[in-house]
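Since the structure comes first, as structure tokens, the remarks are kept for the end.
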Amino acid sequence: MRAISILEYIDRSMWRLRWVISFIMSILITITVGIISTEREIANESNFMDSTTPYISYLIEAGDRPEVIRILSSHSRARGTKISIEIDGLEYANTHDISKIDNKTVERSGFKIGKNLLLKSSSITLRKEIKSISGSSSRGYIFSEISTTVIVEKIFLILAISFLSCFIILYFASRKLEFYLKETIRPLQELEKEVQNIHNDNFSSKELKFKELETVRQSVVETKKELNEKNTRIANQKSKEINSEIYRRLIHDLQNPITALKTMTNLVADPSTPKDIRDEAISVVPGITEEILNQIIAAKNNFEFDISKFQLIDIRSTIHTSIQQIKAAREGTTKLITFHSPDSPIFVPCDPLNIKRALINIIENGLESCREKIEIKIDQKMPTTSIFISDDGDGLEESKLAEILKGNGISKKGNRQALGLCSVNHILLTHNGSLGYRTSQFGGAEFELRIGSLC
Amino acid sequence: MRFSFTLLNFIVSVLLYFSSWIPEANAKTVIYRKSIYSLPLSLDPIKMNDTSSLLVSNLIYSGLVKFAPDMTIESDLAESWHSSIDGKTLTFILLKNIKFSDGKPITANDFKYSFERLNSEESIVKKYFDHIQEIEVISDNELKIKLKNPYPAFINILAGATAKVLSSANDHSATSGNFYISTINKKDKTIILKPNKFRNIKSNISELWLIETDEQVAIKMALEGKIDDLINWPLAGNDLIFNTGKKISLTVSATWIIGINSRIIPFDNEQIRKTFKKDFNTDKFRKTFYPDAHPSFGYIPPGLPGHQSKGEPKVQTESKRSKEKITIVIPNILSRNMEMKHFIEQDLNQKGWNVEVAPRSWEEIMEGYNKKSLQSFLVSMNMDFPDTEFLIRNFETTNADNFSGYSNNELDSLLHKSRGENNKISRKKLIERALIKIEEAALTINLFHPKANYWISKCINGLDANLLSDVYIDYSKVMKAERCN
């Protein structure tokens, strides 16, 4: 699962809020407005019936059905309703089907709300009693049927405006809410930057606005200080350990050449030594001396190692810088250096200058040995980080590698002694690591620069 | 190339322009055939007093306003109208570009001319228009009708089938309605109407044939697909013809009566009239011939002032029968006229009367009606406008159309008062008192209030029945499927 930022999370969450919730809320509000508007329509119709029934009653008692029909038709046309009058179970007048007049009425079906409201999917029917002026015993009712289609047509504009305005308001409200949310977490971003910058040498920290975050920031700063102090203590201790190790190795490495030198010196000094053997011994002595000197120089360099120079760096940037430096120095080379750089940073505790020196050394060696290309990869398996540098050259004899790393081998390039690899090895030793070798997939050399943990 | 294309366009446009002058030879003639019980007795609105004439009048003439199917008043040739505060002046603004069937414009002068004719002495419908004091033409499209007294129901009279506009400039052959008369074939008893191209007609009918038949023939022709509607016929709801076609049923403003002429013995005797009325079994007659009709407890149809929905007013009932011969004339165009004859004769003669039922043609009946020579007659009293005034005025002494010959000053006074009464309930009470007088005088045997059962062919669409009468059905919206032609 890819980690996402809180801002990204808010963006995604608010997208739903912006669209889905705005839409659902707008629908709900529109339905509410629709119900209110429908209720208003019913109330208007009811008011009309209340105000008209006395006159209708008067006309009915006067026996003037044509006038009743005219009034009802006029209102029906204006309001889009179907109006009918029932007296003693007979249809007295209506506005929509003259064939029903003077016929028996059929009971209206639907969902009754109270005595005077009847709901159907296609219509809403209101009923009002027509009270007789002269107090006759006839029972008369006026019915007004409002088609739901007519209601929707009438209130459509209101519904459309309600929906759009609600949607726009809710949408912008959610945008505003998102803005404030983002503003709220801005100190969190600042804290993130603070934490990110903790590795910088020139790390400086500013006070944060929110108490909780400020507490976190202070904890981080204090932790940083404590870490630095502990690192220094650990480094000093490690430095001593490494120096001891270097010394131990030096003694171990010098044991053979010094023994050889002693043997050769004895042969030269012994008058009984045959001349040819003495001459050979005399010729070997400078080589052995040179080897001893090299071992001492390398050890000296390593003794100069200072763990306080160690930093937690993104090793990718060190590799990139090294490659750029080599390319600049070898302008015009046609050989290809490919670095398979991972997407995320790979932090390694190391002395950047020495690691860079080691990288340049190995890459330059590779460039000289290769035919066409060099490939660089990184693999981090905590606590070790390995940098693999492969080429398509002739490679080394693996049996001679141990001698080479001691500074005793002869490099193929220019018939020089392989002092570079020896130094690289020493640098890696100071990083609690080592230099590995195998034949690359291209048939050439593949060096593995292992950098270990200091702890 | 561009020039050639433009030239081609021009040629095509010219051809299309001239082709519009050529008659539409391929346009299919859609003929609508309507069966009627009588050809119009007159084509002059001032002489129309029967439904057959009014039906044609409404097709070929237009007025200022007209009745919608639900009896509301709507515009015909008037764009708008309003009444003065005192209710004595009605002002009408006419629609623009209205024309007679010959293309001549219809102006306010034509209306003045037509309404003055309707109110003239030669008019048999003067009784409706004598409220008019004066007609003033303001401009070609504005007209003021001044009334002698405020009369709110006058707008109903103007929507009726006689308040039509005729051309003041010619012999009335050019008409103002949705249709004009193309052919009158007296031999085949057929009138062919064609749509007036100067009116905005939605119907696809090219010819509307009005064919006079009797009821039996009409039903037979309908079954054979030769007739498109039987609206003019008083069909019972259970008639077998309704197994085919479409049925429209509604209660129209009409009443079936047997009119009694008090001028002719033995009906000059009120007691005999009362006994005769009492002896006539109206309920059995209705149930036998028109079972779905509404029972009639009075003279006035439902929905109008004076209508009785329960029980007849109590009438003095001291029986007095006469051996004088009583002839009841009934229309011979009714399919069951002979059954009716036997029913009435048997029923009444058993009770001691000397009754003969005489089936007659519609022309004969109307002739006798107008001459007041019929002793008694069975008719459907249809209404020209939806107001009780239309029916009860028949009993006013001064009314030339008083078929009963009845004269009663008190009744006259009640009718006069009801006309000027603005309070509708008070007016209704006056009418009710007048109706009690009429019922007490036993001038009508109230048979039933008919339920109209209209048969129309399945090929017909857009035909809206009219609550007042079939006379007012608007055929300008009727469509006929061409496949049924």
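Values quoted throughout were computed directly from the atomic coordinates according to the rules given, and no laboratory measurement underlies them. Every value quoted in this text rests on a predicted model; they were computed, and no experiment measured them. Cβ sites come from the backbone with ideal geometry, for glycine too, and all protein chains shown count toward neighbours.
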What FRET efficiency do you get for B:A169 and B:E482 if R0 is 56 Å and r is their Cβ-Cβ distance, rounded to the nearest 0.05? 0.90
Under a crude label model (7 Å from the Cα following the beta-carbon direction), how far is B:T288 from A:F111 in nanometres? 5.6 nm
Partner aspartates and glutamates for A:K356 [C-alpha distance under 15 Å; skip if fewer than 8 residues away on the same chain]: A:D314, A:E364, A:E448
For the range B:365-414 and the range A:130-174, what is the separation of their C-alpha centers, rounded to whole Å? 51 Å
Rounded FRET efficiency, nearest 0.05, which uses the C-beta distance separating A:S137 from B:S407 and R0 of 22 Å: 0.05
Where N is the number of residues in the range A:71-136, Cα Rg divided by 2.2 N^0.38 Å: 1.18
In debye, nearest 20: dipole of the protein assembly as shown around its Cα centre with unit charges on the Cβ of K, R (+) and D, E (-)? 1160 debye
From the phi of every residue in the range B:111-121, what ³J(HN,Hα) in whole Hz does the Karplus formula 6.51 cos²θ - 1.76 cosθ + 1.60 yield, where θ is phi - 60° and glycine or proline is x? 5, 4, 4, 5, 6, 5, 5, 4, 9, 8, 5
Which of rounded, prolate, oblate describes the range B:273-357, given a ≥ b ≥ c as roots of the alpha-carbon gyration tensor eigenvalues and a/c under 1.5 marking rounded, otherwise prolate only if a/b is larger than b/c? oblate
Where a ≥ b ≥ c are root eigenvalues of the Cα gyration tensor, a/c under 1.5 meaning rounded, otherwise prolate if a/b exceeds b/c and oblate otherwise, the range A:219-348 counts as oblate
Nearest-20 debye value, chain A charge dipole, Cβ charges on Lys, Arg, Asp, Glu: 980 debye
Under the Karplus relation 6.51 cos²θ - 1.76 cosθ + 1.60, θ = phi - 60°, what is the ordered set of whole-Hz ³J(HN,Hα) values for the range B:297-306, x standing for Gly and Pro? 10, x, 7, 8, x, x, x, 10, x, x
Would you mind classifying the range B:367-435 by shape? Square roots of the alpha carbon gyration tensor eigenvalues, ordered a ≥ b ≥ c; an a/c under 1.5 is rounded, otherwise it is prolate if a/b is larger than b/c and oblate if not. prolate
At a Förster distance of 41 Å, what's the computed FRET efficiency of A:Y247 paired with A:K211, Cβ-Cβ distance as r, to 0.05? 0.15
Over the range B:157-246, the quotient of the Cα radius of gyration and 2.2 N^0.38 Å is 1.34
If you wrap a convex hull around the C-alpha atoms of chain B and split its volume per residue, what is the figure in Å³? 165 Å³
List the aspartates and glutamates whose Cα lies under 12 Å from the Cα of B:K194, skipping any in the same chain that are fewer than 8 positions away. B:E207
Could you compute Rg(Cα) / (2.2 N^0.38 Å) for the protein assembly as shown, with N its residue count? 1.97
Angle between chain B longest axis and helix B:2-19 axis [Cα atoms, degrees, rounded to 10]: 30 degrees
List, in the order given, every pair from A:K240/A:K262; B:K104/B:K148; A:K224/A:K309 whose Cα-Cα distance in the structure shown is over 23 Å. A:K240/A:K262; B:K104/B:K148
Set B:K34/B:K220; B:K47/B:K429; B:K126/B:K417, cut-off 21 Å on Cα-Cα distance; pairs above it are B:K47/B:K429
CD proxy, 222 nm, chain A: helix-only mean residue ellipticity via -39,500 (n - 2.57) per DSSP H run with n ≥ 4, per residue, nearest 500, stands at -19500 deg cm²/dmol
Rg to Rh quotient for chain A, alpha carbon positions, Kirkwood Rh: 1.51
Looking at this model, which pairs from A:K176/A:K211; B:K28/B:K202; B:K274/B:K341; A:K193/A:K225 are more than 19 angstrom apart at the alpha-carbon? A:K176/A:K211; B:K274/B:K341
So how strong a dipole does the range A:274-360 carry about its Cα centre when Lys and Arg Cβ are +1 and Asp and Glu Cβ are -1, to the nearest 20 debye? 320 debye
By a straight-distance test (C-alpha under 18 Å), which lysines pair with B:K451 as possible cross-link partners, with residues fewer than eight away in the same chain excluded? A:K100, A:K104, B:K246, B:K247, B:K284, B:K287, B:K310
